[in-house]
Amino acid sequence: MIVVIDYGMGNIGSILNILRKADGRAVASADPAVIAQAEKLILPGVGAFDNAVTRLRQLGIVDLLTQKATVEKVPVLGICLGMQLLGHASEEGVEKGLGWIDADTRRFQFDAPETRRKIPHMGWNILRPRSATGAFADLDSEETRFYFVHSFHVVCHDPADVLATSHYGFEFTAAAGRGNIVGVQFHPEKSHRFGLQLMRNFVRL
């Protein structure tokens, strides 16, 4: 069973819908008893970094999520803000992230005039996976596009943790992770057939 963490900061309904289309058995919950039984976890996120961290702590599930991800090593998918929460910290706030990935989140900055872009970054971008395996199987086409909405991007301290990149003024990390943990900056639930393929891959992991 896939548990989508329902902490009030994500597109829960849309994620459950695409998981159903991907033949995944999923529920949305923040109940520790339900999370404890999860075979896979999805951590969504829309909004501010500090608010998300505070909400997870208020629900009393941070230690349980860390147990599932880093000890039991169930497959984890972080989406958008959920990906940023996987790292140590964010320039958006002062709270500490989950620290499951050796990474930090930074605001888009465009130093050269020719690279300047609007913030937030909103729209469809080509994804460039480092390897067309696991969650990114069959997603290495030149046409593979995902929908992004974000003002911040993840910076990995170990280049091996960069799973895919995209371009917005400069090349940035669009997906990161290691082992059982994957984070994507884009919204697969809004990305039509490409998002459906990624979710099918996650269901099959």
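Closer than 19 Å to residue 70 by Cα, in contact (Cβ under 8 Å) with a residue 12 or more places away in the chain, surrounded by fewer than 22 Cβ atoms within 10 Å (Cβ to Cβ) and out of contact with any strand residue (DSSP E or B) (no Cβ under 6 Å at 6 or more places or on another chain): is that true of residue 160 in this structure?
Criteria met by residue 160.
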Test: residue in region 49-56 that is closer than 20 Å to residue 180 by Cα, out of contact with any Lys or Arg (no Cβ under 8 Å at 6 or more places or on another chain) and surrounded by 15 or more Cβ atoms within 10 Å (Cβ to Cβ): no
Extreme residue, surrounded by the fewest Cβ atoms within 10 Å (Cβ to Cβ), among residues of region 84-97 that are out of contact with any His (no Cβ under 8 Å at 6 or more places or on another chain) and in a loop (DSSP other than H, G, I, E, B): 94
Residues that are at pLDDT below 95 and of a type in the set (Phe, Trp, Tyr), drawn from region 169-187: 170
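Scan 159, 129, 120 and give me the residue that is in contact with a His (Cβ under 9 Å, 6 or more places away or on another chain) and not hydroxyl-bearing (Ser, Thr, Tyr). Step through it out loud before you land on a result.
Numbers: 159 fails: in contact with a His (Cβ under 9 Å, 6 or more places away or on another chain); 129 fails: in contact with a His (Cβ under 9 Å, 6 or more places away or on another chain).
Residue meeting the stated conditions: 120.
Working only within region 3-37, note down all residues that are of a type in the set (A, V, I, L, M) and in contact (Cβ under 8 Å) with a residue 60 or more places away in the chain. Step through it out loud before you land on a result.
We begin by selecting, within region 3-37, every residue of a type in the set (A, V, I, L, M); these are 3-5, 9, 12, 15-16, 18-19, 22, 26-28, 30, 33-36.
Residues satisfying the conditions are 5, 9, 15, 18, 19, 22.
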Output for region 15-36, where each listed residue is touching a strand residue (DSSP E or B) at 6+ places or on another chain (Cβ under 8 Å) and within 18 Å of residue 202 (Cα to Cα): 15, 16, 19, 20, 24, 25, 26, 27, 28, 35
Among the candidates 27, 46, residue that is over 17 Å from the mean Cα position of the chain (by Cα) and surrounded by 14 or more Cβ atoms within 10 Å (Cβ to Cβ): 27
Criterion violated by residue 173 - all others in (1) surrounded by 14 or more Cβ atoms within 10 Å (Cβ to Cβ); (2) polar (S, T, N, Q); (3) more than 16 Å from the chain's Cα centre (by Cα) satisfied: (3)
Pairs where the first residue, in region 104-121, is modelled with pLDDT under 85 and the second is hydrophobic (A, V, I, L, M, F, W, C) and surrounded by 15 or more Cβ atoms within 10 Å (Cβ to Cβ), C-beta under 7 Å, 6+ apart: none
Pairs, first within 12 Å of residue 22 (Cβ to Cβ) in region 178-205, second of a type in the set (Asp, Glu), C-beta under 7 Å, six or more apart: 195/189; 197/138; 203/23
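The values are calculated or read from the model by the stated rules, or taken from the named source; none is laboratory data. Source: prediction; values computed, not measured. Note that each Cβ is placed from the backbone with ideal geometry, even for glycine, and that neighbours are counted across all protein chains shown.
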